[in-house]
1. Answer with yes or no whether Tyr59 is hydroxyl-bearing (Ser, Thr, Tyr), more than 30 Å from Arg176 (Cα to Cα) and touching a helix residue (DSSP H, G or I) at 6+ places or on another chain (Cβ under 6 Å).
2. Taking Arg105 as meeting all but one of (1) in a loop (DSSP other than H, G, I, E, B); (2) without any contact (Cβ under 8 Å) to a residue 24 or more places away in the chain; (3) not polar (S, T, N, Q), write down the number of the exception.
3. Yes or no: Leu46 touching a Leu at 6+ places or on another chain (Cβ under 9 Å), in a helix (DSSP H, G or I), surrounded by 12 or more Cβ atoms within 10 Å (Cβ to Cβ) and not acidic (Asp, Glu)?
4. How many residues does region 65-94 contain that are among the hydrophobic types (A, V, I, L, M, F, W, C) and part of a helix (DSSP H, G or I)?
5. Filter region 132-161 down to residues that are of a type in the set (Val, Ile, Thr) and assigned to a loop (DSSP other than H, G, I, E, B) and give me whichever is surrounded by the most Cβ atoms within 10 Å (Cβ to Cβ).
6. If you take the residues of region 89-131 that are charged (D, E, K, R) and surrounded by fewer than 17 Cβ atoms within 10 Å (Cβ to Cβ), which of them is nearest to Arg176 (Cα to Cα)?
7. What residue, among those in region 118-131 that are in a loop (DSSP other than H, G, I, E, B) and in contact (Cβ under 8 Å) with a residue 40 or more places away in the chain, is farthest from the chain's Cα centre (by Cα)?
8. If the requirement is being among the basic types (Lys, Arg) and either in contact with an Asp or Glu (Cβ under 9 Å, 6 or more places away or on another chain) or in a helix (DSSP H, G or I) (or both), which of these qualifies: Arg14, Arg53?
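What follows draws every value from the coordinates through simple rules; no lab data is involved. None of the values given here were measured: they were computed from a predicted structure. All Cβ positions, glycine included, derive from the backbone under ideal geometry; neighbour counts span all protein chains shown.
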Amino acid sequence: MKARDWQRFMDAQRRGHGKIVFSVTELANVADTSLHALNVELGRLLRQGVLVRYARGKYGLPGGVPPEELVPAMDSHAYLTGAYALCRHNLITQIPAEITCFTNRRHNKSRVRTTPVGRFAFVCVSRRVYSEPTGSVLAGAEQALCDFVYLLRRRGLRPESVVTFRNLDKVRPSRRMLNRYPASVRNSVLALLAGPGRVARAP
């Protein structure tokens, strides 16, 4: 396939199906060629700037690939949470330098991955804390806040010393959600939501 044919195919997939990241196997099937021949062609397309390698064995057109699309390609059990999700929900003012993902799989040496989209950190958490959001790879506001506090408490840090919060009056984590975390995390979350000088109470 010529470069313009690849561009047309991927543009059509984006418009028709919202698909923007493709595996090597998918691309080989489209090109009706062997993996070896495809790898040679991919090398040429990468040098020409037609395609971008977003992760191991995952390719797409340059630009326009949000973390939500890339995370499942790197770990199908991972979801976006922590500071990145808080920023997406407009609950902190800072844009995080690292995109936090919770997973129930161990990544060992590949725990932190640098991609054209940004730097991803995969954190393997316990079965109790791990809770994949329904119908999304982005944790909701309440879960993201609890996860963020959980991470910082593990590092011995206070959340309010790391970021500037806003719109916390809109966050209402349930007792069931809070009970997934250690007592220190629950108390810290409730204190944040109560605000300075107010008594923290679970909903």
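1. Answer is no for this residue.
2. Here Arg105 meets the rest and fails (2).
3. So Leu46 fails the test.
4. Qualifying residue count, region 65-94: 8.
5. Only one residue tops the list, namely Val137.
6. My answer is Arg128.
7. Restricting to residues being in a loop (DSSP other than H, G, I, E, B) and in contact (Cβ under 8 Å) with a residue 40 or more places away in the chain, the top hit is Arg128.
8. Going through Arg14, Arg53 in turn, the sole match is Arg14.
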